[in-house]
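What follows is a short report on a single structure.
The values are calculated or read from the model by the stated rules, or taken from the named source; none is laboratory data. If you're wondering where the values come from, they're calculated on a predicted model, not measured in any experiment. Cβ placement follows ideal geometry from the backbone for every residue including glycine, while neighbour counts extend to all protein chains displayed.
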Amino acid sequence: MILIISSKDDVTADLVQDDLKSRCVEFLRFNSEDYPGSVELCFDYSSSHPTGSLSAGDRQIAFSDVRTVWYRKPSGPCISSDVTHEQAKKFAEDESNAALTGLYNALRGAFWVSRPERIRMANDKLLQLAVAREFGHEVPRTLVTNSPESARRFYDVCQGRVVIKPLRAGLIEYPDGSVEVIYTTPLSAGDLAEFDKVAYAPCLLQEYVEKAIELRVTVIGGRMFCVALDTQSSDVHGRLQDGVGAKVDCGCRTETCVLALHVGSPDGRDEAV
């Protein structure tokens, strides 16, 4: 039994789900928006042999049936609108998350792609930079700071060829449900007047490097897949890349192993000459 933990708008999970159906592979999809509303968890410690079950839709599975967990992009519990008091809603969210942690721990014997705590650790950009450098990748000059003076100095050292990017996902969610995405953005001399705002929160500044193509590498177990994206032309397109060079190949595989991930997706670029 494969347990897919994701959300309703995960198109990638939809495609994999269709493929699993065509192969007659047994699975259950757990969409986080349905929890705790129409998804039920049960941990029974009444006997000497604790049991647990997960119910979603019209199906129920025992924790012991799960052999593989694909942890995709769950968005967190969705508390019923019947709970209107803010403190009560926060309590319900905390309790729901605590039960989810219990579920993940109860399934620790399954094969995970990948454990949520490992994914969170691997999403740390500062750790990514340290590991990439440790295993031989060339890393552009990078500064993370909330010091306006340090930011200005870095901008000057890089002769104005600097981009700014978020340390995390770069999503701002507003109360009305709208979402703003913060992308990697090149800075210009006109932005220098705004550098005092760096003091409000740390930001990641990185030297801009000209590129011929961007590489999207996916490591799955011992296998590697690479797509080259030509983002410099007006017609952005991608192609499968036959290899990435021995140094990059080894570095990507080692990074994924060090971070204890069964799937890793490091990005890179071929520099323009």
Residues of the stretch 85-119 satisfying the condition of being among the charged types (D, E, K, R), modelled with pLDDT under 90 and in a helix (DSSP H, G or I): Glu117, Arg118
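For (1) touching a Gly at 6+ places or on another chain (Cβ under 6 Å); (2) crowded, with 16+ Cβ neighbours inside 10 Å; (3) assigned by TED's automatic domain parsing to the domain that holds Tyr35, each residue gets a yes or a no:
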| site | (1), (2), (3) |
| --- | --- |
| Cys78 | no, yes, yes |
| Ala88 | no, no, yes |
| Ala98 | no, no, yes |
| Arg108 | no, no, yes |
| Ala122 | no, yes, no |
| Val131 | no, yes, no |
| Glu134 | no, no, no |
| Ser147 | no, no, no |
| Ala151 | no, yes, no |
Strands (runs of 3 or more DSSP E) lying entirely in the stretch 1-77 (those with 2 or more residues that are within 22 Å of the chain's Cα centre (by Cα) and β-branched (Val, Ile, Thr)): 2-6, 68-71
Test: Leu143 is over 26 Å from Ala13 (Cβ atoms), surrounded by fewer than 15 Cβ atoms within 10 Å (Cβ to Cβ) and not β-branched (Val, Ile, Thr): no
Which numbered condition Val139 fails, given (1) out of contact with any Leu (no Cβ under 7 Å at 6 or more places or on another chain); (2) free of Cβ contacts under 8 Å to residues at least 40 places away in the same chain; (3) farther than 21 Å from Ile2 by Cβ; (4) not hydroxyl-bearing (Ser, Thr, Tyr): (1)
Residues within the stretch 54-70 that are free of Cβ contacts under 8 Å to residues at least 60 places away in the same chain and either under 18 Å from Trp112 (Cα atoms) or touching a Pro at 6+ places or on another chain (Cβ under 9 Å) (or both), tallied: 4
Strands (runs of 3 or more DSSP E) wholly inside the stretch 150-236 that include at least 2 residues being free of Cβ contacts under 8 Å to residues at least 12 places away in the same chain: 171-173, 179-181
